[in-house]
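Peer 1: Following this message is one structure expressed as structure tokens.
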Amino acid sequence: MRWLELKAELLAIGSCRLTGVDASGYIESSAAGPGAGGAGSVFFSKGGKRVRLSVSPDSPLEIRHDGDGKVHLRSGGMEATGILEEPALHCPHQAYITVSGRCIFSCKYCPVPLNEGRVKTPEEIAKMIEFVRDRIDAISITSGVVGSIEDEERRVIEVLKRIDRQDIPIGVSIYPTSHTPDHLYSEGVSEVKFNLEAATPALFREMCPGLSWDGIIRSLERSVALFGRGKVFSNVILGLGETDEEMEVCIRLLTERGVIPVIRPLTPAAAVASYRRPPAERLLRIADLHYDALKKAGLDTTKAETMCTYCTGCDIVPGRDYE
Ligand code: SF4
């Protein structure tokens with residue numbers, strides 16, 4: 001089975017059951033991303049490509065650890081060998097840190113507002129980064145929203161001022177105000193990710209009450225003007241009820257503006273826990289549309305230096321998962 005098809009099948013399952021030799025050293029427990037607040041995740045890797053899977057004793061996918069990170073994966077007729085990668089902070093090769101692990105908003109797909117996560121201090125974050133410094137290529141910062149959107153932006157900027165950057169690229173993904181792109185650019189951030197989350201304005205209104213689709217689009221446009229084409233990213237969740245055609249329109253809306261979409265298969269949670277993960281065939285269909293749109297816009301995912309497009313754990317990334 002080619003990597004692309006294998007990854008689509010694995011993303012459609014989304015979880016794994018760990019057996020064999022104790023693999024706890026490879027498990028990452030995270031306050032952000034799909035599966036936030038759950039039993040943790042592992043990063044299965046084969047031929048330098050990776051996928052992130054939540055750990056669940058009920059998963060139909062077995063990953064048998066034979067020691068030293070070597071694993072054998074099995075589900076139904078599907079089998080593969082590979083390795084488990086050791087995460088640095090949140091994912092391999094990055095210190096990807098969530099500043100505020102709580103949120104005042106209540107986007108329907110997001111488990112973060114249900115968590116009683118802490119707000120980390122700049123000092124604490126600087127120490128976390130120093131701890132993994134020799135294992136990372138990038139620092140990525142994200143956050144919930146505590147207080148107000150403006151308060152959160154100030155908190156993240158304090159973190160940026162405190163951390164020792166040396167020559168490492170920094171990515172930031174927060175909910176933006178209209179000034180956020182300029183503020184982050186002034187702080188020397190390399191890449192930004194402002195998430196559109198839903199493929200249509202109507203779905204966005206339903207899923208993200210109190211937040212602004214148009215505001216995010218404006219922030220993305222301003223970011224491309226500052227950071228450049230291909231340095232700006234936006235997650236769009238696949239599986240919230242949009243059609244393939246609506247997803248294609250959304251992908252093109254982003255790529256035509258110089259923004260690289262991150263097409264994130266839904267992890268059913270919070271108020272959409274009864275929804276289904278998108279099946280592998282749909283992931284592959286959308287990946288084809290995504291590939292075409294990126295190519296037409298001259299956007300290259302292999303140049304990404306931070307955050308999800310650099311990691312690739314949770315999504316099919318045309319250009320990185322396949323040429
Ligand atoms: S793709 Fe993004 S959310 Fe998923 S593990 Fe990697 S950095 Fe985290």
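Peer 1: Any chance you could count the Lys pairs in the chain whose alpha carbons are under 16 Å apart, treating pairs 8 or more apart or on different chains as valid?
Peer 2: Taking the chain as the scope, the lysine pair count is 12.
Peer 1: Next up: Treating only the Cβ atoms of Lys and Arg (+1) and Asp and Glu (-1) as charged, compute the dipole magnitude of the chain about its Cα centre; round to the nearest 20 debye.
Peer 2: Magnitude of the dipole: close to 60 debye.
Peer 1: Moving on to the next point. Could you rank the peptides 274-287, 308-321 by their average count of other C-beta atoms within 10 Å per residue, with the highest value first?
Peer 2: Put in order of decreasing packing, that is 308-321, 274-287.
Peer 1: Let me ask something else about it. Report the gain in length on full extension from Val249 to Asp22: 0.36 nm times residue separation, minus Cα-Cα distance, nm rounded to one decimal.
Peer 2: 77.2 nm
Peer 1: Mean projection of the alpha-carbon convex hull of segment 257-323 over all orientations, in nm²?
Peer 2: It is 5.2 nm².
Peer 1: In whole angstrom, and with the biggest value first, how far do the Cα coordinates of segment 1-154 range along each principal axis?
Peer 2: Its Cα atoms span 50, 37, 27 Å along the three principal axes.
Peer 1: While we're on this one: Restricting things to alpha carbons, find the Rg to Rh ratio for the chain using the Kirkwood radius for Rh.
Peer 2: Reported Rg/Rh (Cα atoms, Kirkwood Rh): 0.94.
Peer 1: Taking 0.36 nm per residue of sequence separation and subtracting the Cα-Cα distance, how much length would be gained by fully extending the chain between Arg74 and Val119, in nm to one decimal?
Peer 2: Gain in length upon complete extension: 12.3 nm.
Peer 1: Further, regarding this structure: So if each residue of separation counts as 0.36 nm, and I subtract the Cα-Cα distance between Arg205 and Thr177, what length gain in nm does that give?
Peer 2: In short, 8.3 nm is gained.
Peer 1: Sticking with this structure for a sec: Return the distance in nm (one decimal) between the two label points of a simple spin-label model at Ala273 and Asp134, each offset 7 Å from Cα along Cα→Cβ.
Peer 2: 4.3 nm
Peer 1: Between segment 262-288 and segment 37-63, how many Å separate their Cα centres?
Peer 2: Using only Cα atoms to place each centre, the spacing works out to 16 Å.
Peer 1: Something else: For the peptides 228-235, 292-299, what is the packing order when you average, over each peptide's residues, the other Cβ atoms within 10 Å and list the highest mean first?
Peer 2: Packing order, densest peptide first, comes out as 228-235, 292-299.
Each value in this text was obtained by applying a stated rule to the coordinates, not by laboratory testing. Here the structure is a predicted model, which is why all the values come from computation and not from measurement. FYI the Cβ positions are ideal-geometry reconstructions off the backbone, even for glycines, and counts take in every protein chain you see.
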